[in-house]
Amino acid sequence: MSTTRMISNTDFFPGRSAAAGRRALFAALLALPMSVQGQDLEHFLSWFAGEYDNNEQVWQQSEDGVAPENRHEHIHHIFIAAAAPAIGEHTFFIKQYLGRDYEDVYRQRLYNFSVNEDRGAIELAIHSFNDEEKYRNADREPALLADLRPEDLRNVSGCNVYWRFAGDHYAGEMDDKACFYYSEAMEQNVYITDSLRLTADEIWIGDKAFDEDGNMLFGREEPHRNRKVRQFSGWGAVRRGNFDPDADDLDEMLLAPDLRLHNEGQIAPLVTIEGDATGYSVELARLTYQNTRVAVLKLGILDSETGETVAYSWANPGAERIGINLGWLQVGMTAD
């Protein structure tokens with residue numbers, strides 16, 4: 001009578017233990033061309049959507065004494081799903097602005113994702129707006145994109161990005177020397193490369209430009225390391241005498257309601273319910289202090305004029321609530 005035996009890992013890798021065989025088999029499977037299915041795209045997009053910021057990277061470079069001109073730019077990224085039926089099903093509005101200034105937009109795009117089975121990759125087509133000003137605030141007014149047509153956009157051939165899963169992250173890259181433009185000023189072609197890394201919590205972006213001989217024209221060796229933000233809501237209260245010494249009731253505590261902050265270095269002024277500026281601001285920032293190597297969520301009270309920290313408290317970086325009570329000033333924040 002014949003018997004049927006299950007194939008084990010050691011059949012593929014004889015002489016190895018079962019555990020070693022499983023590890024080797026898993027590595028071999030990862031090396032095989034991977035078919036990208038719809039569920040893979042859904043998983044990718046669930047990681048991709050959100051807002052990101054590299055506040056800690058810039059802060060750390062400042063702490064390390066890196067000259068301002070050599071620090072990474074402080075960039076805030078908004079990646080929000082958009083309903084633009086004429087463009088495609090998996091479409092995102094992209095806004096990237098410098099520092100903490102929402103109006104200082106340096107890049108605005110429309111991304112469309114699709115599955116490219118031939119390449120075994122998720123393909124990203126990057127579109128620019130012919131009229132950027134018209135769609136400037138589409139992250140806050142998504143209806144602006146509803147009637148968007150292909151003729152409202154432009155796409156540079158060869159600049160698509162191909163994303164593949166690499167075990168614990170997605171890696172994105174462009175085809176070599178496929179994305180380029182001719183620079184009148186330099187009288188030569190400028191080749192753009194984009195190397196990216198996406199996890200559930202971070203996106204690293206490495207934009208660089210090279211000449212024909214491979215000399216870097218602009219960009220940085222190290223990528224911008226951006227972390228997905230968490231949004232917090234809360235309130236503050238300030239003793240009137242601390243910002244209005246001529247008031248009749250110096251001890252009156254005035255409410256500063258409706259605080260909204262993300263946890264990657266956002267700063268918001270404390271303004272009373274009557275609209276009075278108190279001269280103080282609140283900052284939330286996830287930071288890793290180098291003398292302890294422990295990550296914390298810091299709630300800072302700042303002098304709005306000088307930017308100096310007056311007082312601060314801290315909690316676990318994953319904390320749902322954080323607050324401070326100085327007697328004359330109180331703030332409480334809760335994760336959305």
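The values are calculated or read from the model by the stated rules, or taken from the named source; none is laboratory data. Values in this document were obtained by computation on a predicted structure and should not be read as measured data. FYI the Cβ positions are ideal-geometry reconstructions off the backbone, even for glycines, and counts take in every protein chain you see.
In table form, for the structure just shown:
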quantity	calculated
Unique match (being under 30 Å from THR334 (Cβ atoms) and either buried (at least 17 other Cβ atoms within 10 Å of the Cβ) or outside the structural domain of GLY172 (by TED's automatic domain parsing) (or both)) among PHE210, PHE232	PHE232
Leading residue by the ranking (modelled with the lowest pLDDT) among those in region 143-155 that are surrounded by 14 or more Cβ atoms within 10 Å (Cβ to Cβ) and outside any strand (DSSP E or B)	ASN155
Pick from region 211-239, criterion at pLDDT 95 or above and more than 22 Å from the chain's Cα centre (by Cα), ranking: farthest from GLN96 (Cα to Cα)	ARG239
Scope region 321-336; condition within 25 Å of ASN54 (Cβ to Cβ) and loosely packed, with under 13 Cβ neighbours inside 10 Å; matching residues	ASP336
Of all residues making up region 270-285, the number that are surrounded by 20 or more Cβ atoms within 10 Å (Cβ to Cβ) and in contact with a Phe, Trp or Tyr (Cβ under 8 Å, 6 or more places away or on another chain)	5
Residue list for region 156-200, filter: within 19 Å of GLU117 (Cα to Cα), in a strand (DSSP E or B) and not small (Gly, Ala, Ser)	VAL161, TYR162, TRP163, ARG164, PHE165, TYR170, GLU173
Of residues in region 239-269 being under 21 Å from GLU320 (Cα atoms) and among the aliphatic types (A, V, I, L, M), the one surrounded by the fewest Cβ atoms within 10 Å (Cβ to Cβ)	ILE267
So ASP131, is it out of contact with any His (no Cβ under 7 Å at 6 or more places or on another chain) and without any contact (Cβ under 8 Å) to a residue 40 or more places away in the chain	yes
For PRO223: the one exception among (1) in the same structural domain as PHE79 (by TED's automatic domain parsing); (2) in contact (Cβ under 8 Å) with a residue 60 or more places away in the chain	(2)
Residue match in region 146-161 (condition: touching a Ser or Thr at 6+ places or on another chain (Cβ under 9 Å), of a type in the set (D, E, K, R), more than 30 Å from SER281 (Cβ to Cβ) and not assigned by TED's automatic domain parsing to the domain that holds ALA268)	yes
Residue match in region 285-303 (condition: more than 26 Å from ASP101 (Cα to Cα), at pLDDT below 95 and touching a helix residue (DSSP H, G or I) at 6+ places or on another chain (Cβ under 8 Å))	yes
First in region 323-336 and free of Cβ contacts under 8 Å to residues at least 60 places away in the same chain, second anywhere and part of a strand (DSSP E or B) and of a type in the set (Phe, Trp, Tyr), Cβ under 9 Å, 6 or more apart	ILE324/TYR312
